[in-house]
Structure formats: C-alpha cells, structure tokens
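Q: First the structure, then my questions, so here it is.
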Ligand SMILES: Cc1ncc(COP(=O)(O)O)c(C=O)c1O
C-alpha cells in the first residue's frame, strides 16, 4: 500500500490542526486508528453488545466470541501458549509482580531491571521491594545502550530479569535475544516489556524464549484500555490469582472458592469486550502489513530529521540503528522543549515533550526531558520534511 493510500485509511489524518494539515509524530505515546478498528467497535456496540460468558442468549454468545477471538489472534500471531488480557502494559507488568512475584519471590530475592525501563517496569518492582523485601539491581546505560558487561555481573543469584525490548525514549532496540539467552543459561526468568516492539516487528514469543511479554493495543492501532501479558506454560502454572471476583472462579461457597485454570483466572470482572473486538481488528489489519518495509521507510524519514536537527546545532539522543524504532529524541541548547513543541503544534505538528515516564534514563543522560518525534506506519518523508520546515520556523521565531 502506497503512503497516500495508507494515510487515507486513518480518518483522523485528514483533519487540520491550527489551520495546517495534521502531522502526527507522537506515535510512541499512542497510535491513530484505522477505519476498520473504528468500524469494528461501532459495529459491536450497534449489533452485538452484551456481557460475556454468563448468558446463553445470542448477543452474549456473540460478545463472548468477539472477546475470545482477540485472544486466539494474540496466541497465533505471537506464538504464545497463554495470553492474559489486561488493560495494557502497565497492568500486565503489575500482574507479573502480584500473581507471579508474590507467589515465587521472597525477601532477598533479586530482580534485575535496567536504567532504560519505563516507569511501569520500575515502580511495581519498587512496591514489591517495599512490601516483601526483594532486592533490585539496575543495569546501567552507557552511550544510550545497555552495559552488557554489567548485565552479566548483575545476573549472579538473580530470580527475574525485566527488560524493555525497545526504548520509548531513544528507540534503541536492546539485544533482547542475548539478554534472554544469558538469563536462561543462569536459570533466570525474563519479563520483556514489548510495548514499543510489537508495533514494529512480529515477535515469535516461544522462539524468543522470554517467560512473560507485556504490550498495549493502543500503540499498535488498537483501542486504549486493553493489552496483554503473554506467558509460557511453565511460568503460567506458577502464577496465583491476584484479583478476585466474577468470571475468574469455578465455585464459590461461604467457606472458600476455587478458580478457573485458564487465563480467565486472571481476568476478574467484566472484561474489555468492545476493546478486544477493536484490537482483534487492529491485529488482523497489522498482520496484512509488511512491517519490515514500513520500518525501513520510517527509519529513513527519522534519519533525515535527525541529520537536519544536527546540522542546526540541536542535540539528538537517538542512534537510529537498523533495528531501532524510528524515534528522534532531541533538545535545543537554549529553547525550552515545551516552547519548542507549542510552536510546532501551532503548525499542526504533534510531538511529545517531557521525561516520557523514564526519569532514571533522563538522569543518566543528565537532562530532565526531551522533545520526541516518533514515526508510525502512516508517516512518510512528507511528514519528516514538514517537521524539518517546522523546526526552521521555530528557530526563526526564537532567534
Ligand atoms: C516501553 C513502554 N513500556 C510501558 C508503557 C506503558 O504502557 P501503557 O501506558 O499502555 O500501560 C509504555 C507507554 O508509553 C512504553 O512506551
């Protein structure tokens, strides 16, 4: 599909912002939705809306089928034995901390994290540290990359490694294959934060060999409020229910309860039904895209932005290697990131500023935030050129 056609599939991209064509470059925060996803959700509410699992009537059957279809797609697309549906990456990681961590870790057990993690892969572990006394070790970042020598040392006696596959700040794709094989050689479980990875590459979960993989629908053309935790069978068997309530039980008496043995065990209460229908549509749509050729095009557009910024004396933190996501994080020596982003917004260009929920990485880089332009499937060289022209206008205005 050519770029022109691709933009047509996303209705929001035809709107104007502040009198200009919208140039949406905040995709690492959330992506836009193709018409098929919007239609699938509207269609569900218009024709099949009901609760799942509990009733024999036709609509309940359709709602259940719609919800479970998302799980079936997740399992087949990522080759995952188990797919627990959550509200997103954040809930998926918290679920690991509660359902696996509390059942399998105790005082003094070591969890290895990296300085590159999103807050959602730091704070749940710090909370577990406060409540049961686990020890946290952080792998340092050197020149924007994981220090693999320090990683090797950190594995000594560890129980779990939690690592971000692709950084939301720098776009750096970590050497996850190596990270996993080193952890596995030492009998250590691995949790992969794949929030910024699955939008750009299809991952074979079993082949990659992690025990847990967390990601969010909204970063891959799906709706907000839904995500998944993929788990292998061995680790799934070690997880204890965390949230109690309807749907996750087999029997309840006043004396006690028994729980479902499949993924429903971890999905208490009414789940995200319309969102699952929308995500399934997004996954199927993404499955038809040639992600690797989109990736090359996005990287080339991002590199042109990076080069132009450097030529203008602006610091770029992203390395944009072949496997990295097309994310350009940058700072001007004197213009405040928020002023910069507001002046871009006045030209219809959406970028993100701030610490991007990665304050420890910011501390390592010696800054408090960046301006971040992140590309996705519908972005093209026109968008990169619009950003460069927009930057020139900002520089002119602030000169
Ligand atoms: C790398 C990474 N991990 C985790 C998250 C958290 O995702 P969510 O807010 O969808 O739970 C994000 C979102 O920005 C992210 O980029």
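Since every read-out is calculated from the coordinates, none of them should be taken as a lab result. The structure displayed is predicted, hence computed values, not measured ones. No Cβ is skipped: glycine too gets one built from the backbone with ideal geometry, and neighbour counts run over all protein chains shown.
Q: Quick one: order 149, 26, 143 by neighbouring beta-carbon count within 10 Å, fewest to most. Can you show the working numbers first?
A: Values: 149 11, 26 18, 143 6.
So the residues, fewest neighbours to most, are 143, 149, 26.
Q: Now for a separate question. In deg cm²/dmol and to the nearest 500, what is the mean residue ellipticity at 222 nm of the chain if only DSSP H runs of at least 4 residues count, each as -39500 (n - 2.57), divided by the residue total? Before the final figure, lay out the partial values.
A: Details: 14 runs with 148 residues, N = 399.
-11000 deg cm²/dmol, from helical runs alone.
Q: What's the center-to-center distance, using Cα atoms, between the range 346-399 and the range 151-172 in Å?
A: Spelled out, the Cα-based centre of one part sits 26 Å from the other.
Q: Go ahead and set up a Gaussian network model of the chain, Cα springs under 10 Å, then flag whichever of 146, 74, 192 fluctuates most.
A: Sorting by GNM fluctuation, first place goes to 146.
Q: Quick check: residue separation of residue 131 and residue 178 times 0.36 nm, minus the Cα distance between them. What number comes out in nm? Show your work: numbers first, answer last.
A: Values: separation 47, 0.36 × 47 = 16.92 nm, distance 3.15 nm.
Taking residue 131 through residue 178 to full extension adds about 13.8 nm, to one decimal.
Q: Report, for the chain, the % of DSSP beta bridges that are antiparallel, rounded to 5. Let's see the in-between values first.
A: Numbers: 27 of 46 bridges.
Around 60 percent antiparallel, to the nearest 5.
Q: Using only Cα atoms, locate the centre of the range 39-94 and the centre of the range 267-337, then give the distance between them in Å, rounded to an integer.
A: Centre-to-centre (Cα) distance: 26 Å.
Q: Once you place label points 7 Å from the Cα toward the Cβ at residue 38 and residue 233, how far apart are they in nm?
A: 4.3 nm
Q: Can you give the % of DSSP beta bridges in the range 142-255 that are antiparallel, to the nearest 5?
A: Numbers: 7 of 15 bridges.
Of the beta bridges lying entirely in the range 142-255, close to 45 percent run antiparallel.
Q: Can you tell me how the range 38-287 classifies by the Cα gyration tensor, rounded, prolate or oblate, using a/c under 1.5 as the rounded cut?
A: Working: a/c = 2.34, a/b = 1.44, b/c = 1.62.
It comes out oblate by the Cα gyration axes.
Q: Of the residues 178, 33, 219, which exhibits the maximal mean-square fluctuation in a Gaussian network model of the chain defined by a 10 Å Cα contact cut-off?
A: 178
Q: Moving to a separate point now. Test of understanding: in a Gaussian network model of the chain with alpha carbons linked when under 10 Å, which of 69, 210, 237 would top the mean-square fluctuation ranking?
A: 237
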